[in-house]
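The block underneath contains the structure these notes are about, expressed in structure tokens.
The values are calculated or read from the model by the stated rules, or taken from the named source; none is laboratory data. As the structure is a prediction and not an experimental result, all values here were calculated from the model. Don't worry about glycine lacking a Cβ; one is built from the backbone with ideal geometry, like all the others, and counts go over all protein chains shown.
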């Protein structure tokens, strides 16, 4: 199979799998280019309530396909691919529904960039993380650097960027780069269970919380979510269901009802 991005949908959860196992799922220029459009389609699908990003055959993503970075002295192809990587990262960060990176094996360079753009990161014990532009003489994108600093803090970000060294899952957990670490055989079950649980919660709450947590707290956005909350019955349904000891039937946006499990 050619390097590609595979998509499946199951019970409200879309899974995007990076598939290029011959090169530890390194992203080719075509894969970087395709990801924003793929995410746009999934965002528009009312049946998709959460997204999982993962890699094929035991590896998340080893970054950009280095063979595509060979360039004349002006570095044109390298700069073009970095631009596509940043566009893909920003599209993933802007995805309006909860996103979860399920990380096994190598999560390096552009792979770590994609994982950091997800809302949450669950990893297997054998996962290895690294951001390696210092090994290639590449200036890491400012937006990607800022996102990394927000996630792990300036000291840990500098350690990763200055050295290009790989860190294990335990250290990634301590620094805040990942949220949970599981034995290799337990990661898939945990990710599936958690992602499906997300589909049963209020999409209104999740969408507003995602914007606010990402710093979009201007008066216009606060007013927007106040209007959305007033116009729907999410809160009334949630409280009533709690008092009646039943599963809530959330319905925001209209027609996307779900039951808690």
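When you check residue 160 against the structure, is it crowded, with 17+ Cβ neighbours inside 10 Å, touching a strand residue (DSSP E or B) at 6+ places or on another chain (Cβ under 6 Å), within 23 Å of residue 125 (Cβ to Cβ) and touching a residue at least 12 places away in the same chain (Cβ under 8 Å), yes or no? Steps first, answer last, please.
On the way: crowded, with 17+ Cβ neighbours inside 10 Å: yes; touching a strand residue (DSSP E or B) at 6+ places or on another chain (Cβ under 6 Å): no; within 23 Å of residue 125 (Cβ to Cβ): yes; touching a residue at least 12 places away in the same chain (Cβ under 8 Å): yes.
Against the criterion (crowded, with 17+ Cβ neighbours inside 10 Å, touching a strand residue (DSSP E or B) at 6+ places or on another chain (Cβ under 6 Å), within 23 Å of residue 125 (Cβ to Cβ) and touching a residue at least 12 places away in the same chain (Cβ under 8 Å)), residue 160 does not qualify.
So which residues in the stretch 171-186 are closer than 17 Å to residue 131 by Cα and touching a residue at least 60 places away in the same chain (Cβ under 8 Å)?
177, 178
Only one residue in 185, 193 is under 25 Å from residue 60 (Cα atoms), out of contact with any strand residue (DSSP E or B) (no Cβ under 7 Å at 6 or more places or on another chain), in the same structural domain as residue 15 (by TED's automatic domain parsing) and in a loop (DSSP other than H, G, I, E, B). Which one? Before you say what the answer is, go through the steps one by one.
Details: 193 fails: in a loop (DSSP other than H, G, I, E, B).
On inspection, the qualifying residue turns out to be 185.
Would you confirm, using the coordinates I've provided, whether residue 154 is exposed (fewer than 14 other Cβ atoms within 10 Å of the Cβ) and without any contact (Cβ under 8 Å) to a residue 40 or more places away in the chain? Give the steps one after another, and end with the answer.
On the way: exposed (fewer than 14 other Cβ atoms within 10 Å of the Cβ): yes; without any contact (Cβ under 8 Å) to a residue 40 or more places away in the chain: yes.
Answer is yes for this residue.
Scan (1) touching a residue at least 40 places away in the same chain (Cβ under 8 Å); (2) within 17 Å of the chain's Cα centre (by Cα) for the single condition residue 168 breaks and write down its number.
(2)
Taking the stretch 1-54, which residues are part of a helix (DSSP H, G or I) and free of Cβ contacts under 8 Å to residues at least 40 places away in the same chain?
So in the stretch 1-54, the residues part of a helix (DSSP H, G or I) come out as 21-23, 29-44.
21, 22, 30, 31, 34, 37, 38, 41, 44 - these are the residues of the stretch 1-54 that are part of a helix (DSSP H, G or I) and free of Cβ contacts under 8 Å to residues at least 40 places away in the same chain.
Does residue 246 satisfy the criteria of being surrounded by fewer than 15 Cβ atoms within 10 Å (Cβ to Cβ) and at pLDDT 90 or above? Give the steps one after another, and end with the answer.
Numbers: surrounded by fewer than 15 Cβ atoms within 10 Å (Cβ to Cβ): yes; at pLDDT 90 or above: yes.
When the stated conditions are applied, residue 246 passes them.
Out of (1) surrounded by fewer than 20 Cβ atoms within 10 Å (Cβ to Cβ); (2) modelled with pLDDT of 95 or more; (3) within 22 Å of residue 89 (Cα to Cα), the odd one out for residue 138 is which?
Exception for residue 138: condition (2).
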